[in-house]
Amino acid sequence: MAVKYIPFFPEPIEGQAILSNFNRTLRYKGNSDVKGRLLRGMPYYEVETVETVGEQSTENMVIRGECLSACAYLKDKGIKVDLVYIDPPFASGADYAKKVYIRRNPKIAEAIAKAEEELDIDELKAFEEKMYGDVWDKEKYLNWMYENLMAIKSVMSDTASIYVHLDWHIGHYVKILMDEIFGEDNFRNEIIWHYRTYQGQVKDYFPRKHDLIFWYVKGDNETRKDIFNLIYTDNYKETVDYARWKEFIVNDNEIRYPKYPTKDSRFDGYYNRYLESVKNNPQEGDLICKINGYVVDDVWMDIQAIDPKDLVQRLDYATQKPEALLERIIKASSNEGMLVADFFGGSGVTAKVANDLGRKFIHCDIGINSIQTTRDRLVAAGANFKVMEIKDGVQLYRNPVQTMEKIKLLIPGLKNEDKVNEFWEGYISDSKLGKVPVYVPNLMDSSSKLLGEVMMNRILHEAIPDLPEDIKKVIVYYIDITSKEEIERFIKDDKSTLVEIELRDLKDVLDDVVIEDYAEFECKKATQELMGQVVETEGYVIEINKFMSDRVMQKITDYNLKAFANDKKKSFKPIEISQDGLELIEFLSLDCTATEGEWHSDSEIKIDKLGYVIVNCQKTKTFWNGTIYSEKKPLRLKIRNICGDETVWKIE
């Protein structure tokens with residue numbers, strides 16, 4: 001349950017009415033529900049610091065949670081952001097998947113190394129795991145976006161900008177929302193990012209090769225000065241100035257010409273601009289200035305999408321954007337030391353580039369793969385930051401889509417192959433009552449998580465009246481609730497239906513989702529061979545003897561069965577895992593500082609898809625040997641499997 005609700009709007013001065021004078025420009029189903037939630041405020045939950053990387057005083061944050069709750073936390077703490085870039089779902093109707101690679105067993109990798117064989121990436125075994133489904137009802141999407149944009153605006157500084165990255169699916173609708181929220185006068189640009197990627201055979205339309213990025217400023221103060229730095233292309237050799245001053249060019253794009261040149265019409269105007277600045281500086285010498293390329297306009301054709309073969313930047317993360325794109329935005333609309341936020345952070349490109357450019361950053365995302373990808377990316381970049389988790393009462397199973405799928409399997413007796421209607425997830429058959437419709441909140445839609453009077457009113461007066469007349473009972477699951485006693489009283493006082501309504505806490509179901517992985521390991525003093533004898537040295541070694549993950553194995557089994565059924569040539573080779581299961585490990589970390597609470601990664605190893613190890617952020621061409629080393633005595637061991645689940649063991 002939310003601890004409290006933080007106002008979207010400025011908090012009123014004592015005696016002042018609560019601000020509610022907002023008008024919806026774009027009207028569609030659900031407008032009234034949004035108004036109620038805006039008046040209620042943003043849900044604020046407890047936030048736990050899971051790990052601190054680097055300096056303890058860092059202001060940089062990697063937050064697992066929803067945009068709405070993250071903004072509530074920031075506003076409560078008085079944190080203002082200076083630049084926002086978001087790349088939210090595009091309402092594209094597509095499902096996005098992550099390719100999960102089976103790691104090479106250390107024993108096999110060692111044999112390959114001895115044989116001096118090259119690893120062939122085509123031989124790697126992999127399966128896909130759904131990350132999130134970008135499938136939305138248009139009205140629900142726009143209501144969801146409206147609330148998120150309102151929340152984001154509430155934590156923006158007076159000089160802040162926001163860039164919203166979308167495409168043709170829904171961008172034209174969101175542009176109207178942004179006009180309403182930020183003001184038409186605060187619109188700055190509709191940026192076209194044009195790129196070339198493989199399209200396949202297109203017969204019915206021109207290839208769709210651009211995204212839209214809407215740039216707005218906050219605009220609460222007419223006298224303020226927005227942050228904007230002109231960006232120039234590096235093609236100065238194509239400019240008119242270069243052609244004019246070519247013979248005077250030195251040091252790439254520097255012009256060096258005499259302070260007192262002979263009469264030459266080329267110096268008219270251009271030279272006079274600089275003459276004023278040197279007339280009080282009478283020493284002899286040449287005047288030097290720089291020629292820039294063209295000013296970047298609102299059509300960006302020089303930034304390419306990430307090449308699938310780019311092994312340096314590519315992270316195998318769906319929807320990953322190139323660093324050059326964020327570098328341009330961050331340089332244009334922020335200065336060093338400012339705070340840059342991305343509330344749909346994905347692969348962490350915004351946070352990484354912001355850190356590279358000397359800015360502070362906030363990365364927020366609901367998916368565990370996003371948090372882990374970003375965490376590892378920032379560690380490799382040498383960033384200081386905190387990893388935080390919003391405790392909203394929901395233990396997500398990697399991401400919302402998989403959690404929803406799991407919920408459907410965990411609710412006893414739920415059948416959804418023949419839904420009562422789209423509002424209800426399915427029904428349970430009861431020997432006495434017949435069909436009992438079941439409502440399950442959509443984890444992708446934050447507005448449905450809270451069961452309050454607004455949602456209950458909708459159930460009573462819209463959803464239940466649409467049910468067949470023979471329905472005697474419904475079950476309503478909730479994640480968060482204003483007050484169970486108040487909602488039950490609200491139902492009793494309403495008297496609009498004879499249908500029995502049973503309220504159930506979804507967390508009781510979700511508790512069964514979290515099943516920890518199993519590992520057998522041994523901790524011992526590090527040794528080495530000296531003059532034919534094995535002697536103890538400084539440090540400790542953890543040797544992993546066995547690792548098993550029921551969840552990953554189930555994924556592999558499902559993949560094998562599906563692939564075999566679709567294999568017409570009967571040539572499919574199933575993914576097989578050894579008895580020790582070490583191929584299922586992606587990451588190991590040792591905490592040598594504390595036995596509980598916040599994690600301290602005093603030593604860590606990441607195993608890439610080729611089987612090579614990255615030791616404390618240092619890439620190597622060494623295969624993993626099944627161990628991890630630390631100088632100090634380890635107190636806890638954390639293992640992340642290839643799907644992203646992490647389990648922690650205390651070391652006795």
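Cβ separations smaller than 9 Å between residues 6+ apart or across chains give the following pairs from region 420-433 residues that are within 17 Å of Tyr477 (Cβ to Cβ) and of a type in the set (Ser, Thr, Tyr) to residues that are open to solvent by 40 Å² or more (accessible area, probe 1.4 Å) and assigned to a loop (DSSP other than H, G, I, E, B): Tyr427/Gly413; Tyr427/Asn416; Tyr427/Asp418; Tyr427/Lys419; Tyr427/Val420. As a summary of the residue check, Glu538 satisfies the conditions (1) open to solvent by 90 Å² or more (accessible area, probe 1.4 Å); (2) over 30 Å from Glu55 (Cα atoms) except for the one numbered (2). Of all residues in region 556-604, those that are open to solvent by 50 Å² or more (accessible area, probe 1.4 Å) and out of contact with any helix residue (DSSP H, G or I) (no Cβ under 7 Å at 6 or more places or on another chain) total 21. Of the residues that sit in region 36-57 and are in a loop (DSSP other than H, G, I, E, B) and touching a residue at least 12 places away in the same chain (Cβ under 8 Å), which one is farthest from Thr373 (Cα to Cα)? Result: Gly41. Could you identify the single residue in Ile639, Ile614, Ile607 that is farther than 15 Å from Val50 by Cβ and surrounded by fewer than 20 Cβ atoms within 10 Å (Cβ to Cβ)? That would be Ile614, the only listed residue that is farther than 15 Å from Val50 by Cβ and surrounded by fewer than 20 Cβ atoms within 10 Å (Cβ to Cβ). Taking region 579-652 and the strands (runs of 3 or more DSSP E) fully enclosed by it, the elements with 1 or more residues that are small (Gly, Ala, Ser), within 23 Å of the chain's Cα centre (by Cα) and under 20 Å from Ala526 (Cα atoms) are at 585-591. For region 446-462, the criterion of being at pLDDT below 95, open to solvent by 70 Å² or more (accessible area, probe 1.4 Å) and over 24 Å from Asp392 (Cα atoms) is satisfied by at least one residue.
Please verify whether Tyr216 is at pLDDT 85 or above and either of a type in the set (Phe, Trp, Tyr) or closer than 22 Å to Ile303 by Cβ (or both), treating the condition exactly as stated. Considered against the rule, which asks whether it is at pLDDT 85 or above and either of a type in the set (Phe, Trp, Tyr) or closer than 22 Å to Ile303 by Cβ (or both), Tyr216 comes out as yes. Taken over region 144-173, the criterion of being assigned to a helix (DSSP H, G or I) and open to solvent by 10 Å² or more (accessible area, probe 1.4 Å) is satisfied by Trp144, Met150, Lys153, Ser154, His172, Tyr173.
Sort out which residues of region 385-418 are within 18 Å of the chain's Cα centre (by Cα) and at pLDDT 75 or above, and write them in order of number.
Listed by number, the residues that qualify are Phe385, Lys386, Val387, Met388, Glu389, Ile390, Lys391, Asp392.
Quick one: which of Gly219, Gly200 is among the small types (Gly, Ala, Ser) and either open to solvent by 40 Å² or more (accessible area, probe 1.4 Å) or within 13 Å of Thr159 (Cβ to Cβ) (or both)? Reasoning before the result, please.
Details: Gly200 fails: either open to solvent by 40 Å² or more (accessible area, probe 1.4 Å) or within 13 Å of Thr159 (Cβ to Cβ) (or both).
Just one listed residue meets the conditions, Gly219.
The combined condition, being surrounded by fewer than 19 Cβ atoms within 10 Å (Cβ to Cβ) and in contact with a Leu (Cβ under 6 Å, 6 or more places away or on another chain), is fulfilled by Ile176. Here Ala563 qualifies as part of a helix (DSSP H, G or I) and small (Gly, Ala, Ser). Taking the conditions exactly as written (at pLDDT 90 or above and open to solvent by 80 Å² or more (accessible area, probe 1.4 Å)), does Leu503 satisfy them or not? For Leu503, the condition - at pLDDT 90 or above and open to solvent by 80 Å² or more (accessible area, probe 1.4 Å) - is not met.
The single condition among (1) at pLDDT below 90; (2) surrounded by 15 or more Cβ atoms within 10 Å (Cβ to Cβ) that Ser549 does not meet is (1).
The set of residues from region 58-84 being over 18 Å from the mean Cα position of the chain (by Cα) and in a loop (DSSP other than H, G, I, E, B) comprises Thr58, Glu59, Lys77, Gly78, Ile79, Lys80. With respect to Asn625, is the statement that it is open to solvent by 50 Å² or more (accessible area, probe 1.4 Å), closer than 19 Å to Ser578 by Cα and touching a helix residue (DSSP H, G or I) at 6+ places or on another chain (Cβ under 8 Å) true? Against the criterion (open to solvent by 50 Å² or more (accessible area, probe 1.4 Å), closer than 19 Å to Ser578 by Cα and touching a helix residue (DSSP H, G or I) at 6+ places or on another chain (Cβ under 8 Å)), Asn625 qualifies.
The values are calculated or read from the model by the stated rules, or taken from the named source; none is laboratory data. Predicted model, so just to flag it, every value in this text is computed and none were measured. Don't worry about glycine lacking a Cβ; one is built from the backbone with ideal geometry, like all the others, and counts go over all protein chains shown. With ligands, DNA and RNA removed, areas are computed over all heavy atoms of the protein, side chains included. Shrake-Rupley method; radii C 1.70, N 1.55, O 1.52, S 1.80 Å.
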